[in-house]
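Contents: one structure, followed by commentary.
No lab work stands behind these numbers, since they all come straight from the coordinates. Computed from a predicted structure; not experimentally measured. Cβ placement follows ideal geometry from the backbone for every residue including glycine, while neighbour counts extend to all protein chains displayed.
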């Protein structure tokens, strides 16, 4: 029998205890993996908004607690247009409110003329017409949810709008929301002259990163968003989510580690005599350590597998909630599962160190006399 | 007994105490065992016979004195695992088989410390099971075997790394007389066929009588030794 099977066989000696320990650890791993999937998906949704249209990068107000709290003015747009490398700046004002069953219906206010730059691929109808304040373009998900078609009316913020087009951008939050005239959104949000984000198109041959860095250096109140790692500058919510995830990961390792230690200490003390016999039969200390550590790692790998499976099921259930569905579409990246695996291995090592040391340090003669 | 055979176990004036020196288990014990010899150590309970066996098996170290096995002072070795794995085969009063493993798998346990592949380990385990007349019980777990059968599996396990010395601590102590004699027969047969040196601890005179030489202990000392009646009868 290969050594690994001997280890596995030892775990099966106490099936209920092994099963309960695996279940206990897997709950921690489920939390870590599920939160990892949700955090990543939320980041991806935010990135989709920042990369919307055909812009090269976007600009927000530095230090904003949330993307929607970013507030920019026409002066900020002028500052950007002063750079000769910048070809065009499109300003958008975002608002979120309940529409239909979606409590977080995203409304993007944009000057219809800028839709050339902030492109929303149409699947039906047309773009907003210049000067028409009561027109709306719906995302395909929003159109489905509201059961609205081109030519029909929908109500947003107690105002009636005519659906003139339906788009599909691939961005979860945008496809679940709508694009409206900038002036209309400014009016009902009471944010005259303000933008949430500025989308920048540069001239060919421009080094985007160099330009973005220069803008931030010369205008510290502006945050340039070139890639996802910049999101924290205008959305500290995601940074907080990351911090929570890290905190839960550390907690999962410690709590799981204690659960594993409890199981392994019980197993080691129950098998004191057995370890003495193995030492008497010529097993080296290292072999005993390998066996105890191996049992712990195998236990936690089973927990990692179960935890990952539960996390997939859980996240699929969570996104059935309309409030969540509007924000994220779960993305199962290897990172989230590797994190779960790392937690499992961390738990295994942390939980097995002391029991393995104890098992290896038993005197064979004393262990054999142990009853 | 000085028949010219090499002395393989040489215990010299060994002292071993427990309970911080309050209990003196061995008090200057001295014993020599020659290659291929079958020595039975007898004596009343608590006389130190199992302690002596444990010291020869290097399960613990003496307070003073020397134990020389195959010319090497084993108590000075830092790591005794290799000695226990290669030189000594141990049979206990309780079989001490792992309950989750089959008979064949139990026999393979000491072989994890060798370079044998899983297939080689299995083949060797089956050969050893045949040697103790248990070939048909390879897949049985300890709970499915009788006491005598378990002890025969334990003997096969003790032989798994081909040790030249077999140490048996009351191997028949938990068995009825019939099963005990069967286990003794197996041990005796192995000692003769393989030429291993067998040191057996037993308080049962019937079992001890099967040895070439009987060593009697009392209060941690060897008080008497000589050829057993059975051995003497064989010589006659």
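How far, in degrees from 0 to 90, does helix B:118-131 lean away from the longest principal axis of the Cα atoms of chain B, to the nearest 10? For B:118-131 against chain B, the angle is about 70 degrees.
Shape verdict for the range B:1-59, please, from the Cα gyration tensor: rounded (a/c under 1.5), prolate (a/b greater than b/c) or oblate. Prolate shape, in that a/c is at least 1.5 and a/b is the bigger ratio.
Between residue A:119 and residue A:97, the FRET efficiency from the beta-carbon distance, with R0 = 22 Å, is close to 0.35.
Here the contact order of the range A:284-371, divided by its residue count and restricted to Cα pairs under 8 Å and six or more residues apart, works out to 55 percent. Put in line by how crowded their Cβ is, counting other Cβ atoms within 10 Å and starting with the fewest, A:154, A:292 read A:154, A:292.
Tell me the label-point distance for the pair residue A:317, residue A:218, using the 7 Å Cα-to-Cβ offset, in nm and rounded to one decimal. Roughly 5.4 nm, to one decimal.
Shielding by partners for peptide B:150-162, expressed as the average number of C-beta atoms from other protein chains within 10 Å of each residue's C-beta, is 1. Short-range pairs are left out: with C-alpha atoms under 8 Å and at least six residues apart, the relative contact order of the range A:52-233 is 35 percent. Relative to the longest principal axis of the Cα atoms of chain B, the long axis of helix B:147-158 lies at roughly 80 degrees.
The angle between the Cα long axis of helix A:208-218 and the main principal axis of chain A comes to about 80°, on a 0 to 90 degree scale. Note on A:281-293: average number of Cβ atoms from other chains within 10 Å of each residue's Cβ is 5. For chain A, averaging the sequence separation of C-alpha pairs within contact (under 8 Å, six or more residues apart) and dividing by the residue count gives a relative contact order of 28 percent. Centre-to-centre separation between the Cα atoms of the range A:114-188 and those of the range B:137-198: 86 Å.
Overall form of the range B:46-106: oblate. Here a/c, set by the Cα gyration tensor axes a ≥ b ≥ c, is 1.5 or more, and a/b is not larger than b/c.
Within 10 Å of the Cβ of each residue in A:9-22, the mean number of Cβ atoms contributed by other protein chains is 1. Rounded if a/c is under 1.5, else prolate if a/b beats b/c, else oblate: with a ≥ b ≥ c from the C-alpha gyration tensor eigenvalues square-rooted, which is the range B:136-202? In terms of gyration-tensor shape, oblate.
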